[in-house]
1. Of the candidates 78, 241, 196, which one comes out as most mobile in a Gaussian network treatment of the chain with C-alpha springs shorter than 10 Å?
2. Short version: ³J(HN,Hα) in whole Hz for each residue of the stretch 201-212, in order, from phi by Karplus 6.51 cos²θ - 1.76 cosθ + 1.60 (θ = phi - 60°), x for Gly and Pro, what are they?
3. Show log10 I(q)/I(0) for the stretch 158-316 at q = 0.11, 0.16 Å⁻¹, two decimals, from a solvent-free Debye sum over equal Cα scatterers.
4. Return an integer: the convex hull volume of the alpha-carbon atoms of the chain, in Å³ per residue.
5. Using θ = phi - 60° and the Karplus curve 6.51 cos²θ - 1.76 cosθ + 1.60, what whole-Hz ³J(HN,Hα) does each residue of the stretch 53-67 get, with Gly and Pro shown as x?
6. Please report the net charge: other residues with Cβ closer than 15 Å to the Cβ of residue 94, K and R +1, D and E -1.
7. Pulled fully out, how much extra length does the chain show between residue 59 and residue 188, if you take 0.36 nm times their separation in residues and subtract their Cα-Cα distance?
8. Give me, ordered by chain and number, the residues 5 or more places off residue 35 or on other chains with an amide H under 5 Å from its own placed amide H.
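The values are calculated or read from the model by the stated rules, or taken from the named source; none is laboratory data. None of the values given here were measured: they were computed from a predicted structure. Methodologically, a virtual Cβ is constructed for each residue, glycine included, from the backbone with ideal geometry; neighbour enumeration extends over all protein chains shown. Remember, those area values only see protein heavy atoms, side chains included, never the ligands or the DNA or RNA. Shrake-Rupley method; radii C 1.70, N 1.55, O 1.52, S 1.80 Å.
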Amino acid sequence: MTLYHSLKTVLAGAVTAGLITPAAMAQDYPQRPIQMVVAFGPGGGTDIMGRQIGKMLEAELGVSIPASNVAGASGNAGLTQMRTDPADGYTIGTLISLTVASWAAGLGDSKPEDFHVLSVVQNSPSFLFVAANSPYQTAEDLFAYAKANPGELTVATSGYGTQDDVTLKLLARDGIQMENVPFQAPGERYASPIGGHTAVLYEEPGDIAQFIEAGQLKPIVAFSAERHPAFPDVPTATELGHDISGLDNFRAIAVRAGTDPAIVEKLEAALGNVLASEEWQNFCTETYSCIEPVTGDAAQSMVTDFLQLITEQLES
């Protein structure tokens, strides 16, 4: 057992025995490292965001915040750790829409009420991307080929049951049938169309900014209500006759439900300072994901409402 886990066990026992009251713990919080659970593998957008937030929170809270990648089951493995660790504020983590969507598809056993969402910190619509040398340089070309050759084209996604999967099902409903090819490793997913392993990539632009800037990947359609300001020439699926929007990929930082409100308040205040900083604004600009942070009841409702939306989409 590591020193960190030994200390956590001792403190938990002291609280149970009444030697340390929850109020005292909240007043002195934090007094040891806080674990940042990143519910996806290294190198992806969630990993980069989680590590950036953790690094910036260290300066606010005065303790180290090491990141721990707990990947698997579309993010549900990491969430299982978050909701089984003590609700003491020493485990925080990433909660993203991709994982929430997977709940509607029957993956994992988490629920929105298992978590207290501190803040939704990023949001971005997803796109379909093709390699620069792809024979499908427009969405019209891609969709026409997919209609004529159902199931022949493959799409690199982050997994089954995610909004990637839901989007492909909605396209199939409209006669555009493409094969879902999940990749657990983000780097392999991003490179798959460039290397010719898949025809298309379903992703947010911020996660693959370096490939876009290098001219290796090209966006051809956005799944959003309006065109993305950074990509004004890229049409939306709605413009092309496919009513698919509202499936944006949001990313939040959360703790286990039942965490002491005083600890939650400290975390929310520290996170608010981070998100207002110039450093964070530069980061989110580079990743096409800047938003007005969503906090409090609105953040909690955002998770619940998204789960309901995905559930209704799957039922339809």
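1. Result: 241 has the largest fluctuation of those listed.
2. 10, 9, 6, 8, x, x, 6, 10, 4, 5, 6, 5
3. Rounded to two decimals, the profile gives -0.56, -1.12.
4. Values: hull volume 40.0 nm³, N = 316.
Hull volume normalised by residue count: 127 Å³.
5. 4, x, 4, 6, 5, 4, 5, 6, 9, x, 9, 6, 10, x, 8
6. Cβ neighbours under 15 Å give a net charge of 0.
7. Numbers: separation 129, 0.36 × 129 = 46.44 nm, distance 3.31 nm.
Contour length minus Cα-Cα distance gives 43.1 nm.
8. Those qualifying (amide H under 5 Å, at least 5 residues apart or on another chain) are 91, 92.
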